[in-house]
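The values are calculated or read from the model by the stated rules, or taken from the named source; none is laboratory data. Quick caveat, the model's predicted, so the values are computed rather than measured. Note: ideal-geometry Cβ built from the backbone for every residue, glycine included; neighbour counts use all protein chains shown. Protein only, heavy atoms only, side chains kept; ligands, DNA and RNA dropped before computing areas. Shrake-Rupley method; radii C 1.70, N 1.55, O 1.52, S 1.80 Å.
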Amino acid sequence: MKVSKKILTIAAAGALTVATALPAFALENEFHGFVGLRAANSNYVTAGAFGQIPITGDSKTTYNWIEQRARLFYTAKANDNLKLVTGFELDSIWGKDSYTNGRNEGGALGADTVNLETKWVYLDFNVPSTKVNVKAGIQGLNDAYKSVFVGGGADAAGVLMSSPMGPTTLSLGWFRLDDRSATAAAFNNNGTAAGVTFSNGKKTRDLLLLDAKCNATKDMTFGASYYFLNNDNSQATSAQAGPLEPNTVGAPSDYTAHVLGLNAAAKLGPATVDGFFLYEFGTIDTYNGNALKSHLNSFAANLAGKMAVGPGTAKVSALYVNGGTNAFVDINNETSAAYSENNFGNALGDVLLLARNPFLTQTESAIIYDAGNNGMGVIGGSVGYEANVTSKLVAKANAAFAAVAKSQTGHDSKYQGTELNADLGYKMYDGLTVGVNGAYVVLGDFYKGLGTGGSDPANPYITQVYAKYVF
Amino acid sequence: MKKIALLLTAAFLMSAVAPVYAQMTAEQKNQCLLESKNCANEVNSIGQKIKKLQKEIKKGKKVYSEEDLKKLNAKLKEAESLLNSMTEGGQ
């Protein structure tokens with residue numbers, strides 16, 4: 001009896017310990033996500049297309065497609081100081097591919113496909129006894145400049161540390177963008193023997209970020225940044241679109257770029273104003289395998305504002321990105337596909353065809369695909385108005401223009417076009433918005449005579465019906 | 001047996017006290033948003049989470065300390081950033 005008494009006592013004490021300890025160790029599972037559907041009609045944008053819209057044919061044909069995207073985010077939170085963050089993506093174009101494995105597939109009859117994409121997998125933890133937060137792993141990568149340099153859906157592997165210091169937050173990050181280990185003979189054009197295998201850790205592209213953001217007052221913030229991009233990956237690949245301007249940064253060049261930035265935002269009475277200036281300098285060592293040793297000297301600037309007018313909000317923005325022989329360095333995918341990993345649409349305003357925008361998923365093409373405009377630079381601006389027609393109905397209308405920053409051979413003008421667009425969104429339920437929108441671009445003389453047989457190409461348009469659900 | 005009875009009584013009393021404490025604090029501070037505690041019955045969409053955080057921040061220093069408010073603001077920023085990342089375009 002003595003033994004069983006002891007056992008019972010220990011068991012009771014143990015049960016008590018577990019019962020009281022459980023809440024402290026309970027893992028919190030957090031799920032969030034996004035589902036988007038869109039059906040589109042356009043005379044230039046076709047299902048699954050990405051990159052710069054090629055405005056060269058007559059383009060009087062209308063193409064239509066329907067696509068869907070689901071993004072699922074799962075966070076395993078041990079406590080407020082430690083969590084694992086993951087994000088996945090499932091994309092499909094209706095009618096495209098089934099019973100085959102790969103991203104963006106499974107939309108054809110039968111559906112079955114393995115098309116789960118990994119977007120984020122990273123650890124998020126606070127360093128004990130400090131205010132330093134660390135995010136380590138594959139995560140979203142964004143600059144502090146509306147994604148003109150890098151961002152707009154970019155994900156990369158690296159470490160990002162941040163810490164508040166009074167009213168200022170400091171961030172320090174390092175990301176490995178590329179580490180190539182092999183090349184294909186067909187694209188080996190830097191003098192290296194064809195088919196050679198590189199050692200890992202040599203043909204790399206790395207990015208260092210240092211950001212400071214200060215909440216100077218309740219209504220004013222300003223920030224400063226230093227970014228360092230080092231590209232030792234001078235080997236061309238089939239994925240590279242290549243800049244139009246020769247001897248500029250972008251694959252296949254070996255370069256170092258230092259980026260200095262200033263940004264600010266302030267509330268001035270009823271208006272909110274923000275803007276930034278980015279200056280770049282550095283050295284382009286080689287271009288396409290040839291020694292170059294040219295100096296990089298470029299910049300980008302943006303100014304935007306919004307103000308309550310009548311029942312809604314009026315918006316205005318202006319943007320300049322340098323081009324030509326001193327083209328602005330932005331970050332693009334250079335090894336897997338010619339995807340843009342930056343976006344100037346956030347700085348330009350709400351557009352549907354001129355630049356990348358949140359409506360684009362796997363079909364992702366725009367007249368200006370990257371902030372550097374393929375080495376040509378951008379002069380752009382927009383005005384817009386947004387209003388709640390009812391508590392559930394939101395209407396938007398925008399006008400925007402864009403031109404290349406530097407004159408191009410073979411083009412009558414720098415002016416690329418003017419976009420007019422409108423959007424009507426209805427909040428059906430909490431989190432679910434359905435809507436329609438459309439955009440029409442009046443092409444500028446940049447495209448004059450570039451249509452079939454020297455004709456002028458037709459003006460691009462797009463109309464979309466969409467549903468977006470966030471939870 | 002007396003010992004066992006004593007231990008079980010103590011355990012019962014402690015388990016009875018805990019919810020009362022949680023209820024009392026929940027009236028003023030949202031412990032789930034602030035410390036990720038007592039989240040068992042919380043199922044929020046990202047939109048609801050943002051709205052709740054904004055509501056708690058509005059309570060200000062009457063309910064929360066300056067350190068609590070900083071923490072809530074950081075969580076609001078994180079939730080808004082996640083929402084932006086979810087809906088942003090890109091491959």
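Points worth noting:
- Candidate aspartates and glutamates - alpha carbon under 16 Å from A:Lys267, same-chain residues fewer than 8 apart omitted: A:Asp219
- Viscosity 0.692 mPa s, 37 °C: Kirkwood-radius Stokes-Einstein D of chain A over Cα pairs, µm²/s: 133
- Tilt relative to chain A, helix A:2-25 - C-alpha long axis, 0 to 90 degrees, to 10: 20
- Rounded Å value of the spacing that divides the Cα centres of region A:393-426 and region A:96-147: 31
- Entry comment: accessible area of region A:26-470 is 43 Å² per residue, from protein heavy atoms only and a probe of 1.4 Å.
- A Cβ-based charge dipole, computed about the Cα centre of chain A with Lys and Arg at +1 and Asp and Glu at -1, lands at about 1380 debye.
- Averaged over the residues of B:80-86, the number of partner chain Cβ atoms lying within 10 Å of the residue Cβ comes to 6.
- The residues of region A:350-390 listed by number as losing at least 30 Å² of accessible area in the complex, against the isolated chain and with a 1.4 Å probe, are A:Pro358.
- Of the solvent-accessible surface of region A:26-470, computed with a 1.4 Å probe and all protein chains present, 61% belongs to carbon and sulfur.
- Protein accessible surface hidden between A and B, which excludes ligands and nucleic acids, total in Å², probe 1.4 Å: 2700
- Among the listed pairs A:Lys218/B:Lys51; A:Lys146/A:Lys406; A:Lys396/B:Lys59; A:Lys77/B:Lys52; A:Lys135/A:Lys213, a Cα-Cα separation exceeding 27 Å is found for A:Lys396/B:Lys59.
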